[in-house]
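Structure record follows, encoded as structure tokens.
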Amino acid sequence: MRIVTGIHKGHALSRPPGHITRPMMDKVRESVFNILMHQNWKVCSGTILEGAIVLDAFAGSGAIGLEAISRGAKQAYFFDKSPKALGIVRENVWNLKEQDRCKLLKVDATNPPRAPQSMDLVFLDPPFGKNLVLACLPPLIKTGWINNNTIIVAEVESGKPLSLPAGVHILLEKSYGAAQVFFLQLT
């Protein structure tokens with residue numbers, strides 16, 4: 001697993017051992033960021049990545065948030081409830097020397113703390129088969145992590161319906177083998 005492009009292009013990332021996490025594949029991550037770079041969606045800070053504030057809500061290795069940092073995001077927050085996963089995120093952040101731009105929180109995304117500010121991008125790449133996208137969206141909205149300008153990128157298992165709370169709509173949907181990626185925003 002590597003950073004696909006940007007200032008840290010090609011840098012190898014560690015990942016948690018065993019099956020603690022299911023990281024987004026490099027090719028899918030590359031495609032997601034290419035889509036983000038070429039859309040004209042309105043976000044909090046005005047641009048989709050340059051200067052963006054992002055949340056990697058099921059961080060695992062931190063690959064998604066670190067890819068955003070590599071591509072110009074100003075700051076990234078990482079949530080994971082697994083101490084082992086957060087240890088790997090910390091290792092990856094230190095190896096990239098991005099401690100000043102990364103905040104790690106031992107948090108369950110379905111029960112987040114109050115946000116310091118709304119995010120420009122929120123990445124939801126939870127374990128498959130647990131309907132965690134639906135479970136975490138209302139709390140993330142209620143606690144201020146997501147507002148009307150936030151773009152939400154959610155990866156779910158292909159062939160499974162995506163349940164969304166009222167007020168969240170799909171901007172774009174893409175399929176990648178075993179995964180489907182939805183780009184969402186509040187209405």
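The values are calculated or read from the model by the stated rules, or taken from the named source; none is laboratory data. Bear in mind that the values here come from a model prediction, so they are computed numbers and not experimental data. Because the Cβ atoms are built from the backbone with ideal geometry, glycine has one as well, and the counts that use them run over all protein chains shown. Accessible surface is based on the protein model in full, side chains and every heavy atom, while ligands, DNA and RNA are left aside. Shrake-Rupley method; radii C 1.70, N 1.55, O 1.52, S 1.80 Å.
General remarks:
- The lysines whose alpha-carbon is closer than 22 Å to the alpha-carbon of LYS160, local same-chain residues fewer than 8 away aside, are LYS27, LYS130, LYS174.
- Distances between placed amide hydrogens fall under 5 Å for GLY51 paired with ALA73, LYS74, all partners being 5 or more residues away or on another chain.
- Estimated dipole of the chain in Debye, rounded to 20 [Cβ of Lys and Arg +1, of Asp and Glu -1, Cα centre]: 260
- DSSP bridge pairs, the chain: antiparallel proportion in percent, nearest 5: 50
- Zone of ASN147's modelled label, taken as backbone nitrogen in the range 61-78 under 20 Å from a point 7 Å along Cα→Cβ: 73-78
- Of all accessible heavy-atom area on the chain, the percent that carbon and sulfur account for (1.4 Å): 52
- Accessible area per residue was computed with a 1.4 Å probe on protein heavy atoms; GLU91 scores about 80 Å².
- Taking every C-alpha pair closer than 8 Å and separated by at least 6 residues, the mean separation divided by the residue count of the range 59-153 gives a relative contact order of 26 percent.
- In order along the range 145-156, phi translates into HN-Hα couplings of 6, 10, 10, 4, 9, 6, 8, 10, 10, 10, 9, 9 Hz, rounded to whole numbers, per the Karplus curve 6.51 cos²θ - 1.76 cosθ + 1.60 with θ = phi - 60° and x for Gly and Pro.
- In the chain, Cα pairs under 8 Å separated by at least six residues give a relative contact order of 18 percent.
- If you take the Cα centroid of the range 80-127 and the Cα centroid of the range 142-159, the two points sit 15 Å apart.
- Normalised contact order of the range 98-187, rounded percent, pairs of Cα under 8 Å and 6 or more residues apart: 27
- Calculated FRET efficiency, LYS84 to ALA12, Cβ-Cβ distance, R0 = 25 Å: about 0.85 to the nearest 0.05.
- Per-residue SASA entry for LYS174, accessible area with 1.4 Å probe, Å² rounded to 10: 80
- Calculated from backbone phi, Karplus (6.51, -1.76, 1.60) coupling profile of the range 126-131 in Hz, x at Gly/Pro: x, x, 5, x, 10, 6
- The ratio of the alpha-carbon radius of gyration of the range 73-187 to the globular-protein estimate 2.2 N^0.38 Å is 1.08.
- Hydrodynamic radius by Kirkwood, which averages 1/r over all alpha carbon pairs of the range 1-159, in angstrom: 15.4
- Taken per residue, the accessible surface of the chain reaches 46 Å², heavy atoms only and a 1.4 Å probe.
- GNM remark for the chain: springs join alpha carbons under 10 Å apart, and the peak mean-square fluctuation among PHE33, PHE128, PHE79 falls on PHE128.
- Residue ranking by accessible heavy-atom surface, 1.4 Å probe, largest first, among TYR176, TYR77 comes out as TYR176, TYR77.
- Solvent-accessible ranking of TRP41, TRP94, TRP145, largest area first, probe 1.4 Å: TRP94, TRP41, TRP145
- The helix-based estimate of mean residue ellipticity at 222 nm for the chain, built from -39,500 (n - 2.57) per DSSP H run of four or more residues and divided by its residue count, is -7500 deg cm²/dmol to the nearest 500.
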